[in-house]
């Protein structure tokens, strides 16, 4: 297995976090920054081992908390829980179906902000105002649309950089078949 798709996953997470800070008109129009980290977590959970999902959650959570008003480390647990539940049930998920990717992205787009809000509400102050419902709706729609696109892009990238498994035939090339009429 090549490490290039794995590095691309972490690079995409870093660029997604950086991209949240650069599009002020989009944030003004939607009322919330566009975060695709839940959709990336779904992709990581369905395509990589659990250790990669944990490392990705730590990296993405710390990167996200470093640019937000959240306490450092608060976003790690919601991302990891989303990835862990998806990874634990990956044998039941239709990974190759676009509608399944859409619904997984929608669920992750709702679950991660809700879990983050729950963790932040355990603290002393309420971190968000009245626009929380609209920010969850925007997050759900963005992640629902981004998840199938991320799967498509990363799967094409993996096809380029990873070896395809060789299909072995039961026919041996070094045997000669003799056909006769008897």
Return a yes/no flag: does the range 61-74 have any residue that is more than 13 Å from the chain's Cα centre (by Cα), surrounded by fewer than 23 Cβ atoms within 10 Å (Cβ to Cβ), modelled with pLDDT of 90 or more and not in a helix (DSSP H, G or I). yes
Any chance the range 56-70 includes a residue that's closer than 18 Å to residue 158 by Cβ and out of contact with any strand residue (DSSP E or B) (no Cβ under 9 Å at 6 or more places or on another chain)? yes
Unmet requirement for residue 135, which otherwise passes all of (1) under 21 Å from residue 77 (Cα atoms); (2) modelled with pLDDT under 90; (3) within 17 Å of the chain's Cα centre (by Cα): (3)
Using the structure shown, decide if residue 69 is in contact (Cβ under 8 Å) with a residue 24 or more places away in the chain and within 16 Å of residue 151 (Cα to Cα). no
Residue count for the range 2-38, restricted to those that are loosely packed, with under 11 Cβ neighbours inside 10 Å and either more than 20 Å from the chain's Cα centre (by Cα) or modelled with pLDDT under 75 (or both): 5
Over 18 Å from residue 15 (Cβ atoms), over 19 Å from the mean Cα position of the chain (by Cα) and not in a loop (DSSP other than H, G, I, E, B): which single residue out of 114, 119 fits that description? 119
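The values are calculated or read from the model by the stated rules, or taken from the named source; none is laboratory data. Everything quoted here is computed from the prediction, not taken from an experiment. In this analysis, Cβ positions are derived from the backbone assuming ideal geometry, glycine residues included, and neighbour counts consider all displayed protein chains.
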